[in-house]
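Reviewing the structure listed below.
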Amino acid sequence: MSASSENRERQVTYFPNAGPVNTRAVLQAAAKRFRTGGIRHVLIATCSGRTVLEALEIFPPGTPIIAVTHVAGFAAPNTQELTEENHRVLTERGVPIFTGQHAFGGVGRAVRNKLNTYQVDEIMAYTLRTFGQGTKVAIEIALMTADAGLVRTDQNVIAIGGTAEGCDTALVLQPANSYRFFDLKVREVICKPFHF
């Protein structure tokens, strides 16, 4: 039997609810999956940087973690949610920090805000949210980091996202560039909320 036709069993955790209460359990489950191999990078969505700092304490030393932040101005004009202190610490610890346009919320969001009509990118975001906000975020950061050339599109990564703060979802996926969105493949669900 070839490797591609073998059945694979993996543990999936479903949290009762979404939100930051799941952060530590998500990071532990993702670190456990990382140790089994086949993963090139771990992508972690973060606002303030706290989730990535916590991940550095849980994942094995040397794990190639990439922090993905909100764009400047997301919370308020001319502000960056990643604190200067956490930016400094992450940089000192060798964690690449990616800050760039959201794959599902750029110019299309401006059109919605100005003209009160939705564009394709936000429709895709709402569709992905049927699996939970964290799933949408995990897929989005995989697109963003692939577009930035930080991850390859032929190697699996773990992508970690959440709902508001912290994290509640971890996926193993094969990234794609945003202009080739439909080449992205969700390979495994490590954990996600049941109610969201």
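For beta carbons closer than 6 Å, sequence separation of 6+ or different chains, a first residue in the range 146-162 that is in a loop (DSSP other than H, G, I, E, B) and a second that is modelled with pLDDT under 95 and among the hydroxyl-bearing types (Ser, Thr, Tyr), there are no qualifying pairs.
Residue count for the range 81-108 satisfying the condition of being in contact with a Cys (Cβ under 9 Å, 6 or more places away or on another chain) and of a type in the set (D, E, K, R): 1. Within the range 14-32, restricting attention to residues that are among the hydrophobic types (A, V, I, L, M, F, W, C) and outside any helix (DSSP H, G or I), the residue that is nearest to residue 164 (Cα to Cα) is 18.
The values are calculated or read from the model by the stated rules, or taken from the named source; none is laboratory data. On a predicted model such as this, the values are computed, not experimentally measured, just so you know. All Cβ positions, glycine included, derive from the backbone under ideal geometry; neighbour counts span all protein chains shown.
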